[in-house]
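The values are calculated or read from the model by the stated rules, or taken from the named source; none is laboratory data. Computed from a prediction, not measured in an experiment: that's the story for all the values here. Cβ coordinates were reconstructed from backbone atoms using ideal geometry, including for glycine residues, and neighbour counts include every protein chain displayed.
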Amino acid sequence: MVGFCLAMCLFTYFFILTRWPLPRLVTVASIKANVYLNGEKEFDIAPEYWPELWDALEPASIDLNPSKWVVLGSLKIKFKGDSDFGILLFCVSETPGAFKIGSWYYRGGNSTNLTKVLKNAYQANLVTKP
């Protein structure tokens, strides 16, 4: 009986709580950020920054007891099929980072790396805008 309970706990952890909640990048048409980086900034994130952005958020696990984190901003992901969804980003001092999709909170990635990617994508957006 103990073996069965242990197996179920491992199953729950690995297959339900630990997951990659972000879509595959090949399905994404655009990503728009609205974040607080020395003031509120709204900009499109160029596709060359998407893999780095995903790396800053994953792997992620569902957080069943989220804290009251400081909001960093949000991402609006638009798919090639014209549907979209949003991600609420949080800035946390410890790792892993934190974000929310729908009603689910996640811990994953790294807030420091996330902020760095967003700053770089914002600077690149300033350079490419006429």
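Figures for the structure shown
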read-out: Residue under evaluation Asn65, criteria (1) in a loop (DSSP other than H, G, I, E, B); (2) touching a Gly at 6+ places or on another chain (Cβ under 9 Å); (3) more than 20 Å from Lys32 (Cα to Cα), criterion not met; value: (2)
read-out: Test: residue in segment 71-86 that is within 17 Å of Glu52 (Cα to Cα), of a type in the set (Ser, Thr, Tyr) and surrounded by 14 or more Cβ atoms within 10 Å (Cβ to Cβ); value: yes
read-out: Residue list for segment 116-130, filter: assigned to a helix (DSSP H, G or I) and either touching a strand residue (DSSP E or B) at 6+ places or on another chain (Cβ under 7 Å) or surrounded by fewer than 18 Cβ atoms within 10 Å (Cβ to Cβ) (or both); value: Lys116, Leu118, Lys119, Asn120, Ala121, Tyr122, Gln123, Ala124, Asn125, Leu126, Val127, Thr128
read-out: Segment 93-115 - residue that is in contact (Cβ under 8 Å) with a residue 24 or more places away in the chain and not in a strand (DSSP E or B) and, of those, farthest from Tyr49 (Cα to Cα); value: Pro96
read-out: The one condition in (1) of a type in the set (Val, Ile, Thr); (2) loosely packed, with under 13 Cβ neighbours inside 10 Å; (3) at pLDDT 95 or above that Thr27 fails to fulfil; value: (3)
read-out: Given (1) among the β-branched types (Val, Ile, Thr); (2) part of a strand (DSSP E or B); (3) at pLDDT below 90, number of the condition Val35 does not satisfy; value: (3)
